[in-house]
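The numbers here are math on the coordinates, done by the rules we state, and not lab data. Keep in mind the model is a prediction, meaning the values are calculated, not measured. Cβ placement follows ideal geometry from the backbone for every residue including glycine, while neighbour counts extend to all protein chains displayed.
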Amino acid sequence: MGNTLPNPHDTLFKALLEDPERASALLRESLPKALTDKMADDPRPVDGSFIDENLRGTHSDRLFQVALRDGRSAFIYTLIEHKSWPDMGAPLQLMGYRHRIWTRYAQDKPEQLRKLPPIITLLVYHGRTPWNVPTRLIDCIDADEDLLELQRDGGYAVKDLNGNTPAYEDFSDHPLLRAGLAALAWAFVKQFHPEQLARLLRDLPDEHPLTRQILIYIVRVHTMTEDEFRQGVAMAKPHLVEALTMSLAQEWMDRGEAKGLQKGIQQGLQQGEAQTLLRQIERKFGPQARMHCQQHVQQADEAQLLQWIDNILTAEHLEDIFQDDSSLQ
């Protein structure tokens, strides 16, 4: 039978922080003045723990939220370290806990990710030897000052392939990389023209593995027809029209099957909408009304069906449903 006794350090620490007055005193006495001067009232506890399961026996944590004088709020994360020696992994662990707190705060609300509250961390340590672990993650990174500066504020670089619609030559100086990046950047254009395919192919060696990979990507992502594909290849590599087209035969087949499946699903949904409308017509105006307009309803497109389904809610006469269609009025 396992040991079910609670960790005595954990028990005492939680007891100390259960009382709002004691918790507030600890935080106000221990946290930087830059925060405590901005606190509008005492911190209030937030339920939940963010510690990894394998560290439960050596750590305890409490999360507090505090209102600030400017109307915003901040989180105060307190962690007690039960180990007898300083834990060199603490800075990295605390970064992970902050990530969990922010993730839970934002939940399924993307707009919250642009308004995250600050998290101030207080670590309480009671080991045998003094705490000699860096208190900033930046101090754990081995790099010169220039690279440290890139780490200091948590920033990251962005290569936006669609930003300001760059010219083809601007994607890269390396031909293979330029072609691959351009293929990605053009993934969402309304129409991929043969001229664009030719431009990519001029950068791609005939026998290079990446050439086939990029062409497969184009077939899978773009609506380009097989004839348009042949035109593009003919502009750049006329000697490879048949070879490249044949090498992608399976991709064309797969794309056709996928389109057929999608079309089948769409037709099924449309038939369901038509049957729904016909049932509603029968209930409201009787079987004869259904028979009168059945063929017309079944031949309508999805947009028309949806409009007629909306119309029936307020229709007093059968012709009111088809008020924008003179053939049944």
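Within the set of other residues whose C-beta is less than 13 Å from the C-beta of Val233, count the net charge using Lys and Arg as +1 and Asp and Glu as -1.
Summing Lys/Arg as +1 and Asp/Glu as -1 gives -1.
At 0.36 nm per residue, minus the direct Cα-Cα distance, what do Ile216 and Ser84 gain on full extension? Give it in nm, one decimal, please.
41.7 nm
Filter the chymotrypsin sites (Phe, Trp or Tyr not before Pro) in region 75-124 down to the DSSP loop ones having no more than 13 other Cβ atoms within 10 Å, then list what survives.
Loop-located and lightly packed - none at all.
Divide the volume of the convex hull of the Cα atoms of region 8-152 by its number of residues and quote the answer in cubic angstrom per residue.
Given the Cα convex hull of region 8-152, per-residue volume reads 143 Å³.
Where does the Debye-calculated log10 I(q)/I(0) of the chain sit at q = 0.15 Å⁻¹, using only Cα point scatterers of equal weight, no solvent?
So the normalised log intensities work out to -1.12.
Which value does Rg/Rh take for region 110-264 over its C-alpha atoms, Rh per Kirkwood?
1.23
Which of the three applies to region 168-247, rounded, prolate or oblate, going by the alpha-carbon gyration tensor with a ≥ b ≥ c and a/c under 1.5 meaning rounded?
oblate
Could you tally the net charge around Ala106, taking each other residue with its Cβ under 14 Å from the Cβ of Ala106, Lys/Arg +1 and Asp/Glu -1?
+4
List the chymotrypsin sites (Phe, Trp or Tyr not before Pro) within region 122-206 that DSSP assigns to loop and that have no more than 10 neighbouring Cβ atoms inside 10 Å.
Tyr156
In nm, give the distance between the simple-model label positions of Glu111 and Ile141, each being 7 Å from the Cα along the Cα-to-Cβ direction.
Computed distance between label sites Glu111 and Ile141 equals 3.3 nm.
Once fully extended, how much extra length lies between Gln65 and Asp206, figured as 0.36 nm per residue of separation less the alpha-carbon to alpha-carbon distance?
44.6 nm
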